[in-house]
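Each remark here refers to the structure printed beneath this line.
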């Protein structure tokens, strides 16, 4: 055997045993602070890493001799990495307000406080304090939903896909659901309406064509096997040109004549008239109910601006039937979600939602306000970064996002930056992997920041991140 082989073999044999390492005072103390199993796993990983390094010739006797002494610090660093949260708060400078990949809508302060209070201890989730009897977790939202949608019954589940699933399973299991071919949408994460329908036990029956569906197409397809008429708002795309759809009032009248309920998946959670802020294509929930929909489903964490939830509003008999479905138990929300949604709905009932709900506040801000903030930040960066950054302000557009208003462009101002010592792509990567991470866009060699989706209280952190990402 060569001298090199002898040296490698000696180094491998000199690696301390895991048991002896665990008995070292510092490691033993660490095992008391965490758990012996957790620390043992970390020690085993460290030993295996060293063994691989020695076997590959990248470490030798000196590294082995120092291993035990350096181990406590290495274990502490490994534990910190292992226990560090993977869900990282970040700064959204994309201009996409309801950004699904970034957690959709930021919550109102009142919702955050209410959720923290619910999480910290016990609460009357399913308990009636007045009588001392068991209650329903839906009781906490019932009065608020009734105020927002008079004469209608509400039910809350964990998300809008769950709401649609529950409605389909309850109202049409084993029966046909008629839907326009142009509304067989796919939402984020490759979830498709036909797939949700199949899981519900309902039978898909397409009517009309992709671009044109008339009321007569629904009427001709109806039979004694029909259980539901479904209308899905195409919230993440638009078909334009030679198009036609069956108007909801006519579809609802047809359903009433034939005794078939009409379900509308509205999705976006728009319950206010936001036309003055340019949002005209999204129908409000109340207007769909007024047009005759028997049940409307929508999300809690899009334009409503609350926590993730699916909300069903409509005829009391249909909602109560869904509530009694065993599937509801698998879809019901927890106390933290209900607390945040309660606080959010209270803002719509009694507060000023456009100012108090962050998503609506972002949506409503005029471009001139975003420009003024961009100019202020640009001035600060010129002072602090010297000539390291080329900066300019340009006109641009923000987006609603979250599968809502796909054609809606909200005028904004963009802060465009071009580092002199690296590419915009490299700068974007440095920002994205920094602390805090900053998510922005790159176009034609410039990094683009839209402050519409950056809070004023986040500007200092943003400026610091922009400086720290420079070489």
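The values are calculated or read from the model by the stated rules, or taken from the named source; none is laboratory data. Model, not experiment: these values are computed from the prediction. Note: ideal-geometry Cβ built from the backbone for every residue, glycine included; neighbour counts use all protein chains shown.
Quick test for you: out of 84, 80, 119, pick the one residue that is touching a helix residue (DSSP H, G or I) at 6+ places or on another chain (Cβ under 8 Å) and over 25 Å from residue 314 (Cα atoms).
Numbers: 84 fails: touching a helix residue (DSSP H, G or I) at 6+ places or on another chain (Cβ under 8 Å); 80 fails: touching a helix residue (DSSP H, G or I) at 6+ places or on another chain (Cβ under 8 Å).
Unique residue meeting the criteria: 119.
Of the conditions (1) surrounded by 13 or more Cβ atoms within 10 Å (Cβ to Cβ); (2) farther than 19 Å from residue 269 by Cβ; (3) at pLDDT below 95, residue 117 satisfies every one except a single condition; which number is it?
Condition (3) is where residue 117 drops out.
Is it fair to say residue 404 is within 24 Å of the chain's Cα centre (by Cα) and either modelled with pLDDT of 95 or more or surrounded by 14 or more Cβ atoms within 10 Å (Cβ to Cβ) (or both)? Show your work before the answer.
On the way: within 24 Å of the chain's Cα centre (by Cα): yes; either modelled with pLDDT of 95 or more or surrounded by 14 or more Cβ atoms within 10 Å (Cβ to Cβ) (or both): yes.
Against the criterion (within 24 Å of the chain's Cα centre (by Cα) and either modelled with pLDDT of 95 or more or surrounded by 14 or more Cβ atoms within 10 Å (Cβ to Cβ) (or both)), residue 404 qualifies.
Against the definition (over 20 Å from residue 83 (Cβ atoms), free of Cβ contacts under 8 Å to residues at least 24 places away in the same chain and assigned to a helix (DSSP H, G or I)), how does residue 40 come out, yes or no?
Details: over 20 Å from residue 83 (Cβ atoms): no; free of Cβ contacts under 8 Å to residues at least 24 places away in the same chain: yes; assigned to a helix (DSSP H, G or I): yes.
Spelling it out, it is not the case that residue 40 is over 20 Å from residue 83 (Cβ atoms), free of Cβ contacts under 8 Å to residues at least 24 places away in the same chain and assigned to a helix (DSSP H, G or I).
Taking interchain pairs and intrachain pairs at least six residues apart, which have beta carbon atoms under 9 angstrom, with the first residue in region 124-141 and outside the structural domain of residue 335 (by TED's automatic domain parsing) and the second exposed (fewer than 14 other Cβ atoms within 10 Å of the Cβ) and assigned to a helix (DSSP H, G or I)?
Within 9 Å, no pair qualifies.
Select from region 193-207 the residues that are in contact with a strand residue (DSSP E or B) (Cβ under 8 Å, 6 or more places away or on another chain) and free of Cβ contacts under 8 Å to residues at least 12 places away in the same chain and list them in ascending order. Explain how you work it out, then say what you get.
We begin by selecting, within region 193-207, every residue in contact with a strand residue (DSSP E or B) (Cβ under 8 Å, 6 or more places away or on another chain); these are 193-194, 197-198, 202-207.
194, 198, listed by residue number.
Among the candidates 430, 413, 461, 424, which residue alone is in contact (Cβ under 8 Å) with a residue 60 or more places away in the chain and buried (at least 16 other Cβ atoms within 10 Å of the Cβ)?
On the way: 430 fails: in contact (Cβ under 8 Å) with a residue 60 or more places away in the chain; 413 fails: in contact (Cβ under 8 Å) with a residue 60 or more places away in the chain; 424 fails: in contact (Cβ under 8 Å) with a residue 60 or more places away in the chain.
Checking each option against the conditions leaves just 461.
Being part of a loop (DSSP other than H, G, I, E, B) and either crowded, with 18+ Cβ neighbours inside 10 Å or modelled with pLDDT under 90 (or both) is the filter here, so list the residues in region 71-89 that pass it. Full working, then the answer.
Here is the first cut: in region 71-89, the ones part of a loop (DSSP other than H, G, I, E, B) are 84-89.
Selection gives 84, 85, 86, 87, 88.
Which of the following residues is assigned to a strand (DSSP E or B), farther than 13 Å from residue 377 by Cα and at pLDDT 95 or above: 417, 447? Can you show your working first?
Working: 417 fails: farther than 13 Å from residue 377 by Cα.
Matching residue, one of 417, 447: 447.
Out of the residues in region 188-211 that are at pLDDT 85 or above and assigned to a strand (DSSP E or B), state the one that is surrounded by the most Cβ atoms within 10 Å (Cβ to Cβ).
The qualifying residue surrounded by the most Cβ atoms within 10 Å (Cβ to Cβ) is 207.
Is it true that residue 225 is at pLDDT 95 or above, touching a strand residue (DSSP E or B) at 6+ places or on another chain (Cβ under 6 Å), on the phi < 0 side of the Ramachandran plot and surrounded by fewer than 18 Cβ atoms within 10 Å (Cβ to Cβ)? If you could, list the steps in order and put the result at the bottom.
Working: at pLDDT 95 or above: yes; touching a strand residue (DSSP E or B) at 6+ places or on another chain (Cβ under 6 Å): yes; on the phi < 0 side of the Ramachandran plot: yes; surrounded by fewer than 18 Cβ atoms within 10 Å (Cβ to Cβ): yes.
Criteria met by residue 225.
Does region 360-380 include one or more residues that are farther than 14 Å from residue 107 by Cα, within 31 Å of the chain's Cα centre (by Cα) and not in a helix (DSSP H, G or I)?
Yes; the residues of region 360-380 include at least one that is farther than 14 Å from residue 107 by Cα, within 31 Å of the chain's Cα centre (by Cα) and not in a helix (DSSP H, G or I).
Under the condition of being over 21 Å from residue 52 (Cβ atoms) and at pLDDT 90 or above, which residue from region 1-26 is surrounded by the fewest Cβ atoms within 10 Å (Cβ to Cβ)?
Per the stated criteria, the residue is 25.
Considering only region 299-358, how many residues are under 22 Å from residue 230 (Cα atoms), in contact (Cβ under 8 Å) with a residue 24 or more places away in the chain and in a helix (DSSP H, G or I)?
10
Return yes or no: is residue 312 buried (at least 24 other Cβ atoms within 10 Å of the Cβ), assigned by TED's automatic domain parsing to the domain that holds residue 143, touching a strand residue (DSSP E or B) at 6+ places or on another chain (Cβ under 8 Å) and modelled with pLDDT of 95 or more? Break it down stepwise before answering.
Details: buried (at least 24 other Cβ atoms within 10 Å of the Cβ): yes; assigned by TED's automatic domain parsing to the domain that holds residue 143: yes; touching a strand residue (DSSP E or B) at 6+ places or on another chain (Cβ under 8 Å): yes; modelled with pLDDT of 95 or more: yes.
So residue 312 passes the test.
So, in region 165-187, of the ones that are in a loop (DSSP other than H, G, I, E, B) and at pLDDT 95 or above, which residue ends up nearest to the chain's Cα centre (by Cα)?
Start the filter on region 165-187 by keeping residues that are in a loop (DSSP other than H, G, I, E, B), which leaves 173-175, 184-185.
Imposing the further condition that a residue be at pLDDT 95 or above reduces the set to 173-175.
Numbers: 173: 29, 174: 32, 175: 33 Å.
It comes out as 173.
Looking only at region 103-155, count every residue that is in contact with a strand residue (DSSP E or B) (Cβ under 9 Å, 6 or more places away or on another chain) and part of a helix (DSSP H, G or I) and tell me the total.
The total comes to 7.
Criterion first (under 30 Å from residue 443 (Cβ atoms) and assigned to a loop (DSSP other than H, G, I, E, B)) does residue 58 satisfy it?
On the way: under 30 Å from residue 443 (Cβ atoms): no; assigned to a loop (DSSP other than H, G, I, E, B): yes.
So residue 58 does not fit the description; no.
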